[in-house]
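Data block below; observations after.
The values are calculated or read from the model by the stated rules, or taken from the named source; none is laboratory data. Small disclaimer: the values here were computed from a predicted structure and weren't measured. Cβ: placed from backbone, ideal geometry, glycine included. Neighbour counts: every protein chain shown. The accessibility values were calculated without ligands, DNA or RNA, using every heavy atom of the protein model including side chains. Shrake-Rupley method; radii C 1.70, N 1.55, O 1.52, S 1.80 Å.
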Amino acid sequence: MSKYGVLVMGPAGAGKTTFCSKLLEHLRNNKRSYFYINLDPAAETFTHEPDIDIKDLISLSDVMEEMSLGPNGGLIYCFEFLLENLDFLTEPLEPVTEEYLIVIDMPGQIELYTHVPILPALVRHLMRGSLNVNLCAAYLLEATFVVDRAKFFAGTLSAMSAMLMLEMPHVNILSKMDLIKGTVPRRELKRFVNPDIGLLDDDPTVPQKGNLMAGRLGEEDDVPSSSKSIMTGTSFQKLNRAVGQLIDDFSMVQFLQLNVEDEDSIGAVLSYIDDAIQFHEAQEPREPMDELQDGFEE
């Protein structure tokens, strides 16, 4: 019997826990069952009580105090400890049926998704072990990143890095869309939803070729490490261009738009997640009288 779940991840402040909370409310309102897992050892308050909470196994504050580690090192230690005690996840998940959507809330330390091999090991255990969970990653990136185009492409690169590292179905999401409503024209926003490297060429905050500063640049500016390249920002622009070109060459990343205050927006994102994990294909057909009976039972 298969199980179905979504791994909610992304950088700190992207709105992962808020999205999980609103997603659970949406599932409940639509009479869908869910199983909520918190894997952030620093999380303290929840709108919905987790069915599994990593803090029942290990907490970040205890690790930092007892091991004299910082927050990032402490988090890595917590996940290494989790990998040594996977029964903590396996045993409660065994009886979960295919009617449930398993929602896993992850911490925001970006190294977990980019270059530390801990999360891939956890994903392999969930997807290919005895649990056989059809998992989809939902990677959230804050929509306010579009204001700073270099920052947006850096965030997009982290999303692509997670896609390559985890090797699982992936949905990328621009969260907090309500914060940029009316500030970015719809036509321009489409260039962020499908990342367009031309955004770096059109960046109004970067001096363009032909202006006074560019007219003063010489051959020294072709060397990124030269003091002139650094002081004028030329080396930074070249780095951003290289990042943008890498993203464009792979052509892997597209974003869905999310406003957690909009029920339809949450439903649209959920439909992509369901498609990625093939959730509906495993559900038994229901007769109209079944739905009516459910209503009477409530």
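Screening the range 172-196 for residues that are buried (at least 19 other Cβ atoms within 10 Å of the Cβ), out of contact with any Ser or Thr (no Cβ under 6 Å at 6 or more places or on another chain) and not aromatic (Phe, Trp, Tyr) and picking the one that is farthest from GLY10 (Cα to Cα) gives MET177.
Annotation note: Cβ proximity below 8 Å between a residue of the range 127-143 that is under 17 Å from GLU98 (Cβ atoms) and a residue that is among the acidic types (Asp, Glu) (sequence gap 6+ or interchain) occurs for SER130/GLU94; LEU131/GLU94. Residues in the range 33-45 that are at pLDDT below 95 and surrounded by fewer than 15 Cβ atoms within 10 Å (Cβ to Cβ): GLU44, THR45. Residues of the range 181-196 that are of a type in the set (Asp, Glu) and not in a loop (DSSP other than H, G, I, E, B): GLU188 alone.
For ALA12, the conditions (1) small (Gly, Ala, Ser); (2) without any contact (Cβ under 8 Å) to a residue 24 or more places away in the chain; (3) open to solvent by 50 Å² or more (accessible area, probe 1.4 Å) are fulfilled apart from (2).
Pairing each residue of the range 247-270 that is closer than 20 Å to GLU142 by Cβ with any residue that is open to solvent by 50 Å² or more (accessible area, probe 1.4 Å) and of a type in the set (S, T, N, Q), provided the two are 6+ apart or on different chains, yields C-beta distances under 6 Å for GLN254/ASN194; VAL260/THR18. Only one entry of LEU140, LEU131, LEU122 meets the criterion of being open to solvent by less than 50 Å² (accessible area, probe 1.4 Å), in a loop (DSSP other than H, G, I, E, B) and among the hydrophobic types (A, V, I, L, M, F, W, C), and that entry is LEU131. The residues on offer are MET1, MET64, and the sole one that is in a loop (DSSP other than H, G, I, E, B), open to solvent by 60 Å² or more (accessible area, probe 1.4 Å) and not hydroxyl-bearing (Ser, Thr, Tyr) is MET1.
Taking helices (runs of 4 or more DSSP H) as the structural unit, those lying wholly within the range 197-298 and holding at least 1 residues that are at pLDDT below 90 correspond to 198-201, 212-215, 227-232, 234-250, 288-297.
Picking from residues in the range 62-76 that are among the small types (Gly, Ala, Ser) and within 25 Å of the chain's Cα centre (by Cα), the one that is farthest from MET127 (Cα to Cα) is GLY70.
Residue-wise test of (1) in a helix (DSSP H, G or I); (2) closer than 28 Å to GLU263 by Cα.
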{"position": "PRO11", "(1), (2)": "no, yes"}
{"position": "THR17", "(1), (2)": "yes, yes"}
{"position": "LEU24", "(1), (2)": "yes, yes"}
{"position": "LYS55", "(1), (2)": "yes, no"}
{"position": "LEU82", "(1), (2)": "yes, no"}
{"position": "THR90", "(1), (2)": "yes, no"}
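Residues checked against (1) of a type in the set (Phe, Trp, Tyr); (2) modelled with pLDDT of 95 or more:
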{"site": "GLU84", "(1), (2)": "no, yes"}
{"site": "PHE88", "(1), (2)": "yes, yes"}
{"site": "GLU111", "(1), (2)": "no, no"}
{"site": "VAL116", "(1), (2)": "no, no"}
{"site": "LEU135", "(1), (2)": "no, yes"}
{"site": "LEU141", "(1), (2)": "no, yes"}
{"site": "THR144", "(1), (2)": "no, no"}
{"site": "ASP148", "(1), (2)": "no, no"}
{"site": "ALA154", "(1), (2)": "no, no"}
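The residue that is nearest to the chain's Cα centre (by Cα), among those in the range 77-116 that are open to solvent by 30 Å² or more (accessible area, probe 1.4 Å) and aliphatic (A, V, I, L, M), is ILE110.
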